[in-house]
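Novice: Sharing a structure below in structure tokens format, with a few things to ask.
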Amino acid sequence: MRIALCDDSIKEQKQFTEALHGWDPTRQPECFTNGAAILEAARRIPAFDIVFLDIYMPGENGMDIAQELRKISPETAIVFVTTSQEHAVDAFSLHALHYLVKPVTTKGITEAFRRLSQHQLRPRTMLTFISGRESYSIYLDEIGYVRSDRHAKEIVLTDGRALTIWTPLEELEAKLDNNFLRVNRSTIVNMNFIEQMGTDTCVLRDGTRMEFPRRERGRIRAAYDDHIFTRLSEQHNMDGGKKEADK
């Protein structure tokens, strides 16, 4: 298992390692002090299983690093580590596995790996289609958005790749799950890929801006709010179940 920590403080790295060894003394994290270093290491195979990211670092934001990491290695679980909870909702929008407030403890790390184990056991829905002469199978959570350009449909993946297919948009939409939302006539977006939601537009994690039809703005915003509420509720229930189990 590849475990990584990105924290500019050597003292915090040592404390993290001690807490990790409290969970499993055989595990050794790969420690990095900046985003460029961890992103370079993330390109190596095998991918990181889990990355602990400090949100506040000099000249860098852990959220930005997480976005780049998602493009490189969508399967890597991300746990944010910080001194406050103000970015908790942003963490959910990036599909973070967990959110730890410093000082990191063995109890917190144990919970992170418990969630990782549960996450790895969850079935992932796969979509199979033909692009050109090639057959592709991709997980739905790897899709950032789908957009239609006349007869062609472009599937843009979270890692930046784009694949062209000729399946009707309505037929493709029927194969997607409830994480996807049609934001206009020609575009379906993975709501977990939305970086910022506005009244009449949304901005995706790759910087793409999507405009909403005037008559659909209320429906789109309500659907997104329901999605975020559901995720927060699931997180709350998970935390509550864990607390009951600890009693």
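Here, each number is a calculation from the coordinates, and none is a lab measurement. What you see is a predicted model, and the numbers here were worked out from it, not measured in a lab. Cβ sites come from the backbone with ideal geometry, for glycine too, and all protein chains shown count toward neighbours.
Novice: Under the Kirkwood approximation applied to all pairs of distinct alpha-carbon atoms, what is the hydrodynamic radius of region 8-58 in Å?
Specialist: Values: mean 1/r = 0.0834 Å⁻¹.
Roughly 12.0 Å, rounded to one decimal.
Novice: Any idea what the relative contact order of the chain is, in percent, if you count C-alpha pairs under 8 Å spaced at least 6 apart? Can you show the working numbers first?
Specialist: Details: 370 pairs, mean separation 30.1, N = 247.
Across the chain, relative contact order equals 12 percent.
Novice: Which is farthest toward the positive dipole end of region 161-239 among M210, L181, M191, measuring Cα position about the Cα centre, with Cβ charges +1 (Lys, Arg) and -1 (Asp, Glu)?
Specialist: Final value for the positive-end residue is M210.
Novice: Given a Förster distance of 41 angstrom, what is the FRET efficiency for M1 paired with R214, based on the Cβ-Cβ distance and rounded to 0.05? Intermediate values should be presented prior to the final figure.
Specialist: Working: r = 50 Å, r/R0 = 1.21.
According to the calculation, E is roughly 0.25.
Novice: A further question follows. Kindly provide the Kirkwood hydrodynamic radius of region 100-227 in Å, to one decimal, from all pairs of distinct alpha carbon atoms.
Specialist: Values: mean 1/r = 0.0610 Å⁻¹.
Result for region 100-227 stands at 16.4 Å.
Novice: Rounded, prolate or oblate: which one fits region 151-192, using the alpha carbon gyration tensor with axes a ≥ b ≥ c (rounded when a/c is under 1.5, else prolate when a/b beats b/c, else oblate)? List each step's numbers first, then the result.
Specialist: Details: a/c = 1.61, a/b = 1.04, b/c = 1.55.
In terms of gyration-tensor shape, oblate.
Novice: Ok, one more. How big is D, in µm² s⁻¹, for the chain by Stokes-Einstein at 20 °C and 1.002 mPa s if Rh is the Kirkwood radius over C-alpha pairs?
Specialist: Working: Rh = 19.4 Å.
The Stokes-Einstein estimate is 110 µm²/s.
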